[in-house]
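Inspection log for the structure reproduced underneath, given as structure tokens.
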Ligand code: GLN
């Protein structure tokens with residue numbers, strides 16, 4: 001889908017400067033975004049709820065503040081979309097599910113509150129695989145989202161709306177969530193930058209929980225600068241999240257002009273062989289060679305295998321999800337089935353009609369894993385692999401400063417390619433899930449194009465709280481790719 005030259009196709013960094021220089025107004029930026037939404041949203045289906053009226057009101061407010069010469073955040077007036085599992089007060093938060101299709105959030109997530117303090121313009125709530133379970137954007141109750149680069153292909157999931165909106169110019173940036181790859185895989189499929197921060201660096205308060213020990217909120221944008229700008233605004237300690245961290249990770253340090261000489265980059269043949277497409281391997285290797293040419297030291301390291309990681313993940317995730325999703329029972333939130341004869345039937349019918357197939361599959365699996373007979377055997381195996389992965393990654397970061405892998409084993413695929421084969425779908429996350437299990441920060445960057453004309457993604461993983469180093473290396477890579 002071709003993009004026009006309107007303001008909505010520029011970066012947030014550029015728009016922020018233009019606003020300050022009075023080369024455009026916040027209202028003009030928003031109007032370009034909503035014009036595009038009106039033109040192409042019926043093809044893309046990135047949004048579940050569009051908040052145009054509130055957005056334009058906020059944009060006018062920002063313009064007034066600018067005209068009065070008030071000091072503003074660089075994010076002021078920038079149109080940003082929010083994945084629909086993050087609460088925005090007074091607006092529906094559906095999680096892409098029938099069971100929450102009428103739920104209006106009574107409060108703001110901490111990330112939303114922080115963006116409100118930065119005078120951001122919210123464009124609306126973005127589509128996702130139901131309850132963030134999925135890798136392709138095909139599992140939403142509100143219909144599938146399409147890849148704006150080629151409408152026959154999936155945008156990736158579960159943050160399908162957040163990536164499609166940015167790639168299509170229907171938002172300048174967005175917030176997604178990542179439990180096993182849901183920011184990085186779709187960012188890779190749509191040629192964008194997406195960061196999954198360190199566990200605890202960004203508050204999860206107001207994010208509807210999927211698997212609390214693996215869930216993260218993170219930024220999605222067109223460039224590294226934009227991603228860093230959005231990350232700076234949302235990170236930091238929050239007393240409303242018991243797992244939030246107060247570690248100062250020097251996020252305001254300059255990320256430009258980084259000298260990569262002597263930086264140790266870990267690579268593992270496990271992620272450049274079986275199961276990963278050759279064109280992905282070739283392109284990611286080209287980037288690694290570029291870093292080596294500039295003085296980086298490339299080291300072979302022992303990363304956890306994708307199989308171990310997926311095995312641990314698909315025990316931990318359904319176990320936690322079955323417990324987190326128990327609250328959706330037709331009493332406290334959202335949808336309730338119309339027909340039932342007693343309380344038990346009300347629960348059964350509500351959950352039976354309210355949840356989609358993939359969500360039911362995981363709830364059943366999780367309930368089984370946590371049930372009395374299986375608890376010690378299956379769950380213990382998951383914990384075993386989890387501990388193994390964490391200690392393996394600790395060792396890896398004694399030997400190197402960052403790790404590079406592909407973000408996903410392939411480029412985007414066509415619709416209905418994997419919906420009948422859940423295990424094949426789960427394999428899409430083979431490069432990303434171990435990072436969530438270890439709680440490490442990782443970014444996906446565009447790195448070339450596949451034969452189908454769709455983008456390839458490269459993943460940079462760092463030690464806990466190394467986001468700024470990741471941004472510095474990413475910036476260098478971006479300059480290389482853009483040939484600046
Ligand atoms: N695709 C993965 C899954 O379906 C990851 C989901 C996510 O990160 N929210 O579990």
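Bear in mind that the values in this text are calculations on the coordinates, not laboratory data. Only a predicted model underlies this, so the values are computations on that prediction, with no experimental measurement involved. Because the Cβ atoms are built from the backbone with ideal geometry, glycine has one as well, and the counts that use them run over all protein chains shown.
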> If you take the beta carbon distance between residue 213 and residue 116 as r and set R0 to 30 Å, what does 1/(1 + (r/R0)^6) give as a FRET efficiency, to the nearest 0.05?
Replying inline: 0.60
> residue 373 versus residue 395, label points 7 Å from Cα toward the beta carbon: distance in nm?
Replying inline: 3.7 nm
>> How large is log10 of I(q)/I(0) for segment 178-261 at q = 0.26 Å⁻¹ when the intensity is taken from the Debye formula with one equal scatterer per alpha-carbon?
In response: -1.31
> Could you give the radius of gyration (one decimal) and Dmax (whole number) of the Cα atoms in the chain, in Å?
Replying inline: 21.4, 71
> For residue 348 and residue 264, what does the FRET efficiency come to when R0 = 51 Å and r is the distance between their Cβ atoms, rounded to the nearest 0.05?
Replying inline: 0.40
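Taking each pair of different alpha-carbon atoms in segment 32-88 once, compute 1/r for the pair, average those values, and report the inverse of that mean as the Kirkwood hydrodynamic radius in Å to one decimal.
13.1 Å
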>> Please report the spacing between the Cα centers of segment 80-147 and segment 324-399 in Å, no decimals.
In response: 21 Å
>> Between residue 340 and residue 421, what is 0.36 nm times their sequence separation minus the Cα-Cα distance? Round to one decimal in nm.
In response: 25.8 nm
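Kindly put 107, 141 in sequence by how many other C-beta atoms sit within 10 Å of each C-beta, fewest to most.
Neighbour counts put them in this order, fewest first: 107, 141.
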> Distance in nm between label sites at residue 381 and residue 89, each 7 Å beyond Cα in the beta-carbon direction?
Replying inline: 4.7 nm
>> Counting only Cα atoms, I'd like the Rg/Rh figure for segment 248-388, Kirkwood definition for Rh.
In response: 1.19
>> In Å, what Kirkwood hydrodynamic radius results for segment 98-188 from the alpha-carbon pair distances?
In response: 13.6 Å
>> Could you check the spin-label model distance between residue 53 and residue 239? Points 7 Å from the Cα along Cα→Cβ, value in nm.
In response: 3.6 nm
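At a threshold of 8 angstrom on Cα-Cα distance, excluding pairs fewer than six apart, so keeping six or more, what relative contact order does segment 188-331 reach in percent? Spell out each step's value before the answer.
On the way: 143 pairs, mean separation 35.5, N = 144.
That works out to 25 percent.
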> Where in segment 442-466 is the amide nitrogen less than 17 Å from a point lying 7 Å along the Cα-to-Cβ axis of residue 282?
Replying inline: 447-458
> Using the per-residue mean of other Cβ atoms lying within 10 Å as a proxy for protection, in what order, highest first, do the peptides 78-85, 403-410, 109-116 fall?
Replying inline: 78-85, 403-410, 109-116
>> Over 14 Å apart: what share of the alpha carbon pairs of segment 369-433 falls there, rounded to a whole percent?
In response: 73 percent
>> How high is the relative contact order of segment 102-171? Use alpha-carbon pairs under 8 Å, at least six apart in sequence, and give a whole percent.
In response: 27 percent
> Stretch residue 482-residue 254 to full length: gain in nm at 0.36 nm per residue minus the Cα-Cα span?
Replying inline: 80.1 nm
> What share of the DSSP beta bridges in the chain is antiparallel, in percent to the nearest 5?
Replying inline: 65 percent
> If you build the Cα gyration tensor of segment 19-131 and take the root of 5 times each eigenvalue, what three semi-axes come out, in whole angstrom, biggest first?
Replying inline: 27, 17, 10
> Can you give the FRET efficiency for residue 67 and residue 107, using 1/(1 + (r/R0)^6), R0 = 35 Å, r = Cβ-Cβ distance, to the nearest 0.05?
Replying inline: 0.65
